[in-house]
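I have placed the structure first, in the form of structure tokens, so that the comments after it can refer back to it.
The values are calculated or read from the model by the stated rules, or taken from the named source; none is laboratory data. Note that the structure is a prediction, hence the values are computed from the model and not measured. Cβ placement follows ideal geometry from the backbone for every residue including glycine, while neighbour counts extend to all protein chains displayed. Accessible surface areas use protein heavy atoms only, side chains included; no ligands, DNA or RNA. Shrake-Rupley method; radii C 1.70, N 1.55, O 1.52, S 1.80 Å.
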Amino acid sequence: METDLLIIGAGPAGLNAALTADREGARVIVVDESFSLGGQLRQQTQWFSNLPGQYGKKRGTSVNEQLINQVEASNVQVLKKHTMIGSYLNGNIGVSDGDKTYEINSRKNIIAPGAQEEAKVFPGWTLPGVMTAGAAQILINREKVLPGKRVVMVGSNDFSLEVARQLNACGITVAAIVEETNCSDGELVKTVENVPVYKDSSIEIVTGAGEVEHVVIQTPDGLKEVNADLVCIANGFSPILEPFEIMNCHFVYQKELGGWLAAYNIHLQTTNPSCYIAGNAAGITELGPILLTGEIAALSALEAMGFISSAEGDEQKSRCWRELANLESEKVLKARTEMIADYHQKHELDLPDYFMKIRGGKMYG
């Protein structure tokens, strides 16, 4: 099997990368382990306003539907229920459907596997009824199943509180929000009305006869016991690394981007010249920047393969980076641009002029 561009991951970054490459006439294969396209967008019913201009304000599921419709109308070849399992000595990539293994000869690769939710361990964390916030969102929005009647939410970031709102809208009582620090977002917390918020607190133990029944919270004022049958953990996300390990990419640690991730340059090219990175794998961020990293990676690969000129590539990537800088949170953008600047310095690479103009002329790093 041969192609110009192989994309691992059919989330928003991977799909947007595929569409960008297809528009320039490149042969594209997208591989995803799931039976349907869209990654985490499939259950994100919340509204997003920090999107590239062509999207406007939309629900995550609507953005996903738009991307899927465009892919289905394109020449992109999609391999669902296939997993990247290795690379050959000749640089080709092996993918499997669980029965057969296929060798794909690609000129360039974009790896966009997304991110994984981080667990939190406490006594009773293996009881049925303890799950990540993302798992709860899948149950209510994709599977149409109520995971419980009373929930304790562990973590008060924007994602956890959005899931808490969605659970509440389904008739599930939010019994408490537990935050280990004292810096939960007050405005976000207000959107979940009449819910006790325990700051500087943690889960002491979860108990029950074969399932969650009681949650004991260690607070500054002592132990608080809450009756609940559901505990949702929102302990943040970290980039998925395994495909980059297979491709022998180098890694760096950047806390604001989610921890360890593959190092990359301004073109989203990793230390493996054939491999580009996109989406949350390139740093935990929001939907708008996720889409734009897919486009940047595709433009870089297209330029390297000769589908677009260097001048056109620079023009298009400059537009994407400017838009990304306007959409991404300042702390994430700062971490991302610092990492890129460090990469270029370490490898003695020049940075393009447009990078210096990110955020009104202020270049981080």
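Tabulated data
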quantity	calculated
Relative contact order [Cα under 8 Å, 6+ residues apart], the range 1-75, whole percent	31 percent
Inter-centroid distance (Cα atoms) of the range 159-181 relative to the range 252-267, Å	30 Å
Relative contact order computed over the chain (Cα-Cα under 8 Å; 6+ residues apart), in percent	17 percent
With every protein chain in place, the range 74-199: carbon and sulfur % of accessible area (1.4 Å)	48 percent
For the chain, alpha-carbon Rg relative to the globular expectation (2.2 N^0.38 Å, N residues)	1.04
Theoretical gain in end-to-end length, SER34 to GLU338 [0.36 nm per residue, Cα-Cα removed]	106.0 nm
Convex hull volume of the range 226-267 per residue (C-alpha atoms, cubic angstrom)	111 Å³
Within the range 8-53, chymotrypsin sites (Phe, Trp or Tyr not before Pro) in DSSP loop having at most 11 other beta-carbon neighbours inside 10 Å	PHE35
Within the chain, longest stretch free of exposed trypsin sites (Lys or Arg not before Pro) [DSSP loop, at most 16 other beta carbons within 10 Å]	200-356
Lysines whose Cα lies under 27 Å from that of LYS144, excluding same-chain neighbours fewer than 8 positions away	LYS57, LYS58, LYS80, LYS81, LYS120, LYS190
Furthest towards positive pole of dipole, ILE172, MET153, ASN182, structure part the range 143-184, Cβ charges	ILE172
Residues of the range 13-156: accessible area per residue with a 1.4 Å probe, Å²	47 Å²
Rounded to the nearest 20 debye, dipole of the range 7-165 from Cβ charges on Lys, Arg, Asp, Glu	400 debye
Per-pair calculated FRET efficiency, R0 = 35 Å: CYS170 and VAL252 via Cβ, rounded to 0.05	0.30
Over the range 1-145, equivalent-ellipsoid semi-axes from the Cα gyration tensor in Å	29, 22, 12
C-alpha center-to-center spacing [the range 96-133, the range 41-78] in angstrom	22 Å
Separation of the ARG142 and ASP200 label points, Cα + 7 Å toward Cβ, nm	3.9 nm
Diffusion constant of the range 198-292 at 37 °C, which comes from Stokes-Einstein with the Kirkwood Cα-pair radius and 0.692 mPa s, µm²/s	201 µm²/s
